[in-house]
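Chemist: Encoded as structure tokens, here's the structure I'll be asking about.
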Amino acid sequence: PAGSRLATAPLAAGAARRASVQRLRPRRPLIATVRCSVDAAKQVQDGAATVAADPPVRHKTGRLPRYGVFCPTYDLTADDKTKSWKKLVTIAVSGAAGMIANHLLFQLASGEVFGPDQPVALKLLGSERSLQALEGVAMELEDSLYPLLREVSIGIDAYEVFEDADWALLIGAKPRGPGMERAALLDINGQIFADQGKALNAVASPNVKVIVVGNPCNTNALICIKNAPNIPAKNFHALTRLDENRAKCQLALKAGVFYDKISNMTIWGNHSTTQVPDFLNAKIDGRLVKEVIKDTKWLEEEFTLTVQNRGGVLIQKWGRSSAASTSVSIVDAIKSLVTPTPEGDWFSSGVYTTGNPYGIAEDIVFSMPCRSKGDGDYELATDVLMDDFLWERIKKSEAELLAEKKCVGHLIGEGIAFCDIKE
């Protein structure tokens, strides 16, 4: 079946030699990478690997070349090379030893996300404390035998891990502990994302697509934008797809239909309890929700509050924040950008507001309805309805994001921060 690890182009005969994760000590403090004896520069050529005739040679910087997990000994002739495989896509993932990444990485490697003919390289960013766990993640990826997974490397330096990345999935962030004010969380995580924005700006692909998952993701995405002036602001996304999926679930349950009947579901605003699940524009089997679900009170109160508070309730029930469903929503968010949006539909993503057609304050990251042609880019939907109930709540979420922006003024080049967020 498409997307399975056996549905890709056949591998030529020859056993794959393995090598354990070894520590490298280059000039920058990249701590480890998975290595083998195949020269990384020759490893992937039109989807086929070749054998290095000479031992690895250090780069001029003093760094050893990167190596992949898989080290096939075969050498395909030109006639045998697969014609359908595409150019390697490099995906950098921060927080790669965490629970969300533990689900996500195997979906990325399997072909489920970018397609059954798209080889990928995974570059995993962690911390010194998580280095051993990262080595374990690399070993599991190696043992899964994904033909599309051409390279895996791990490290703790964003400037190393983000080099030449086509996609950056920024998951790693500090969770808010007991008694911690939101303002303190904004400052701590803001520093992380300021540094990662600078690293992306310096070494990533000029058109890298960035999805910020670590919370507070909208403001963290804004911090990344401000610290990566060479990357188009439009390339940054804050993940609100999980909120969209939760809203679709609730509407489907209420209407007694399967979730694939729900379309045009928008999450407006911040990924917080001020987010606005839009039941005015959403549709059920092509009909506006309010034509199918006549219970306006349920829509305005129970539905809205359920979606807004779903994450907190899950933590109370499960004892931790969502991981599997978050990884699914990251996959959905990527797929929405690399496959054309169905005619008339749209999807939710937290994106940069400058130039938006809705009248939302500029220079923040705000979840809005988007459409894509499947090229990794998007356009904002303009055929949306608006009423006083929806607009009033949009403005409340806008005010929260403007307040968060003031809290991180020192990280986005706007002078001294001032934070009066008490929640």
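The values are calculated or read from the model by the stated rules, or taken from the named source; none is laboratory data. All values derive from a computational prediction rather than experimental measurement. In this analysis, Cβ positions are derived from the backbone assuming ideal geometry, glycine residues included, and neighbour counts consider all displayed protein chains. Protein only, heavy atoms only, side chains kept; ligands, DNA and RNA dropped before computing areas. Shrake-Rupley method; radii C 1.70, N 1.55, O 1.52, S 1.80 Å.
Chemist: Tell me, which helices (runs of 4 or more DSSP H) lie completely within region 57-166 with 3 or more residues that are at pLDDT 60 or above and open to solvent by 10 Å² or more (accessible area, probe 1.4 Å)?
Modeler: On the way: elements: 99-110, 131-143, 158-161.
In region 57-166, 99-110, 131-143 are the helices (runs of 4 or more DSSP H) which contain 3 or more residues that are at pLDDT 60 or above and open to solvent by 10 Å² or more (accessible area, probe 1.4 Å).
Residue-by-condition table, conditions (1) small (G, A, S); (2) closer than 30 Å to D117 by Cβ:
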site	(1), (2)
S327	yes, yes
I330	no, yes
A333	yes, yes
E343	no, yes
Y352	no, no
E362	no, no
G376	yes, yes
D383	no, no
K396	no, no
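Chemist: Exactly one condition in (1) touching a residue at least 12 places away in the same chain (Cβ under 8 Å); (2) open to solvent by 40 Å² or more (accessible area, probe 1.4 Å); (3) more than 18 Å from the chain's Cα centre (by Cα) is not met by K174; state its number.
Modeler: (3)
Chemist: When the residues of region 245-286 are narrowed to those that are open to solvent by 10 Å² or more (accessible area, probe 1.4 Å), among the small types (G, A, S) and part of a loop (DSSP other than H, G, I, E, B), which ends up modelled with the lowest pLDDT?
Modeler: Residue satisfying both the conditions and the ranking: S272.
Chemist: Can you confirm whether V365 is over 30 Å from G413 (Cβ atoms), β-branched (V, I, T) and surrounded by 13 or more Cβ atoms within 10 Å (Cβ to Cβ)? Steps first, answer last, please.
Modeler: Working: over 30 Å from G413 (Cβ atoms): no; β-branched (V, I, T): yes; surrounded by 13 or more Cβ atoms within 10 Å (Cβ to Cβ): yes.
So V365 does not fit the description; no.
Chemist: Among the residues of region 322-362, how many are over 18 Å from N264 (Cα atoms), free of Cβ contacts under 8 Å to residues at least 12 places away in the same chain and either surrounded by 22 or more Cβ atoms within 10 Å (Cβ to Cβ) or of a type in the set (D, E, K, R) (or both)?
Modeler: Final tally of qualifying residues: 1.
Chemist: Within region 295-309, take every residue that is open to solvent by 30 Å² or more (accessible area, probe 1.4 Å) and touching a strand residue (DSSP E or B) at 6+ places or on another chain (Cβ under 9 Å) and give me the one that is nearest to L253 (Cα to Cα).
Modeler: First, pick out the residues of region 295-309 that are open to solvent by 30 Å² or more (accessible area, probe 1.4 Å): 295-297, 300-302, 305-306, 308-309.
Then drop every residue that is not touching a strand residue (DSSP E or B) at 6+ places or on another chain (Cβ under 9 Å), which leaves 306, 308.
Details: T306: 13, Q308: 17 Å.
The extreme case among them is T306.
Chemist: Does region 182-191 contain at least one residue that is out of contact with any helix residue (DSSP H, G or I) (no Cβ under 9 Å at 6 or more places or on another chain), more than 29 Å from G115 (Cβ to Cβ), open to solvent by 40 Å² or more (accessible area, probe 1.4 Å) and in contact (Cβ under 8 Å) with a residue 12 or more places away in the chain? Give the steps one after another, and end with the answer.
Modeler: Taking region 182-191 and keeping what is out of contact with any helix residue (DSSP H, G or I) (no Cβ under 9 Å at 6 or more places or on another chain), we get 184-185, 188.
Add one more test, that the residue is more than 29 Å from G115 (Cβ to Cβ), and what stays is 184-185, 188.
Next, from what is left, pick out any that are open to solvent by 40 Å² or more (accessible area, probe 1.4 Å): 184, 188.
So of that shortlist, the ones also in contact (Cβ under 8 Å) with a residue 12 or more places away in the chain come out as 188.
Within region 182-191, one or more residues are out of contact with any helix residue (DSSP H, G or I) (no Cβ under 9 Å at 6 or more places or on another chain), more than 29 Å from G115 (Cβ to Cβ), open to solvent by 40 Å² or more (accessible area, probe 1.4 Å) and in contact (Cβ under 8 Å) with a residue 12 or more places away in the chain.
Chemist: While we're on this one: Does any residue of region 230-238 turn out to be of a type outside the set (D, E) and farther than 19 Å from L337 by Cα?
Modeler: Taking region 230-238 first, the residues of a type outside the set (D, E) are 230-238.
From what is left, the residues that are farther than 19 Å from L337 by Cα are 230.
The answer is yes; a qualifying residue exists.
Chemist: Now, a different point. Scan (1) farther than 17 Å from E362 by Cβ; (2) open to solvent by less than 80 Å² (accessible area, probe 1.4 Å) for the single condition A399 breaks and write down its number.
Modeler: Tallying (1) farther than 17 Å from E362 by Cβ; (2) open to solvent by less than 80 Å² (accessible area, probe 1.4 Å), A399 fails exactly one: (1).
Chemist: Are there any pairs, at least 6 apart or on different chains, whose C-beta atoms fall under 8 Å, with the first in region 157-168 and without any contact (Cβ under 8 Å) to a residue 24 or more places away in the chain and the second open to solvent by less than 20 Å² (accessible area, probe 1.4 Å) and assigned to a loop (DSSP other than H, G, I, E, B), and if so, which?
Modeler: none
Chemist: Surrounded by 19 or more Cβ atoms within 10 Å (Cβ to Cβ) and touching a strand residue (DSSP E or B) at 6+ places or on another chain (Cβ under 8 Å): does that describe V292?
Modeler: On the way: surrounded by 19 or more Cβ atoms within 10 Å (Cβ to Cβ): no; touching a strand residue (DSSP E or B) at 6+ places or on another chain (Cβ under 8 Å): yes.
When the stated conditions are applied, V292 does not pass them.
Chemist: Moving on to the next point. Scan region 379-390 and give yes if some residue there is open to solvent by 40 Å² or more (accessible area, probe 1.4 Å), assigned to a helix (DSSP H, G or I) and at pLDDT below 95, otherwise no.
Modeler: There is no residue in region 379-390 that is open to solvent by 40 Å² or more (accessible area, probe 1.4 Å), assigned to a helix (DSSP H, G or I) and at pLDDT below 95.
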